[in-house]
Amino acid sequence: MIDVYFWPTPNGYKITIALEEMGLPYRVVPIDISHGEQFKPEFLKISPNNKMPAIIDSDGPDGKPISIFESGAILLYLAEKSGKLMPTDARRRYNALEWLMFQMASVGPMLGQAHHFRRYAPEQIQYAIDRYTNEARRIYGVIDKRLSEVPYLAGDYSIVDIATYPWLRHHRAQGQNLADFPQLKRWYEAIEGRPAVQRGLAHMSDQVRREPPKGEEWEILFGKKQFERR
Ligand SMILES: N[C@@H](CCC(=O)N[C@@H](CS)C(=O)NCC(=O)O)C(=O)O
């Protein structure tokens, strides 16, 4: 059994979508990041960067339990465990790794900053809004161009699409319009229509954040509580 330490955010949904696509048995363990559960010592033991998602698989590669943090590492682990959604041929595998690293290093962090400065920052800082909105637009353009060459980011549908799609669901908050990126839009709609994706997205969908965090929640996520040394 795989326990998924989860909250309904783009990085969390990568894992529930992947598990649904792969048909691996799992259960969701909520980590309420708005109320500071990510800082509990028992969670820090499996996720030292105090972020979800993380997993514990009771049946690791050597038959013993294994814990993994960082969504990209979790997706690679699940792909290897299931033998699904990652090319095995060396050339295609490295190509998939390139686009997975691009998601982890650019798509997630930059779109996250665009969302943050446009919606969550206590003051509107025009320089930061422009910088990250422009960077988000540039990244959408890179994805659109890639998808004019191949149907999915790694050629066939894979964990790379599963890593990328949940971030693009927030395109409006990132200041982007899918109509400006026709190949990306075609890909987005194909992924959105997959039943396993919809099942993965159903977890705790009533808890998806609709309003910017305020007060104590803001302190936990972006203020003093976040930056305490642990
Ligand atoms: N690089 C990490 C990022 C994970 C991440 O940023 N998680 C956020 C939610 S999407 C979180 O747990 N935030 C809580 C906090 O920062 O205290 C991954 O891909 O797993």
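Summary table below
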| read-out | value |
| --- | --- |
| Flag for E20 being surrounded by 18 or more Cβ atoms within 10 Å (Cβ to Cβ) and of a type in the set (D, E) | yes |
| The range 144-166, subset part of a loop (DSSP other than H, G, I, E, B) and out of contact with any Phe, Trp or Tyr (no Cβ under 7 Å at 6 or more places or on another chain), residue nearest to G23 (Cα to Cα) | Y157 |
| From the options P61, P53, P65, residue that is in contact with an Asp or Glu (Cβ under 9 Å, 6 or more places away or on another chain), within 16 Å of the ligand (Cβ to nearest atom), closer than 19 Å to P25 by Cα and not aromatic (F, W, Y) | P53 |
| Pairs with Cβ under 8 Å, 6+ apart, first in the range 131-157 and without any contact (Cβ under 8 Å) to a residue 40 or more places away in the chain and closer than 17 Å to A173 by Cβ, second part of a helix (DSSP H, G or I) and among the hydroxyl-bearing types (S, T, Y) | I139/S106 |
| Scan of the range 4-46 for residues that are over 17 Å from D206 (Cβ atoms), polar (S, T, N, Q) and in contact with a helix residue (DSSP H, G or I) (Cβ under 7 Å, 6 or more places away or on another chain), ordered by number | N11 |
| Meets criteria (closer than 29 Å to R131 by Cβ and either buried (at least 17 other Cβ atoms within 10 Å of the Cβ) or charged (D, E, K, R) (or both)) for R210 | yes |
| Close pairs from the range 158-185: first among the aromatic types (F, W, Y), partner crowded, with 17+ Cβ neighbours inside 10 Å, Cβ under 7 Å, at least 6 apart | Y165/Y188; Y165/I191; W167/P10; W167/V107; W167/G108; W167/L111; F181/Y140; F181/D144 |
| Residue check, E216 more than 15 Å from the ligand (Cβ to nearest atom), over 25 Å from R91 (Cβ atoms) and in the same structural domain as F43 (by TED's automatic domain parsing) | no |
| Residue match in the range 199-208 (condition: at pLDDT 95 or above, within 19 Å of L85 (Cα to Cα), of a type outside the set (D, E, K, R) and over 16 Å from the mean Cα position of the chain (by Cα)) | no |
| Strands (runs of 3 or more DSSP E) contained in the range 7-117 and holding at least 1 residues touching a residue at least 24 places away in the same chain (Cβ under 8 Å) and in the same structural domain as L221 (by TED's automatic domain parsing) | 26-30, 54-57 |
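The values are calculated or read from the model by the stated rules, or taken from the named source; none is laboratory data. Bear in mind that the values here come from a model prediction, so they are computed numbers and not experimental data. Cβ sites come from the backbone with ideal geometry, for glycine too, and all protein chains shown count toward neighbours.
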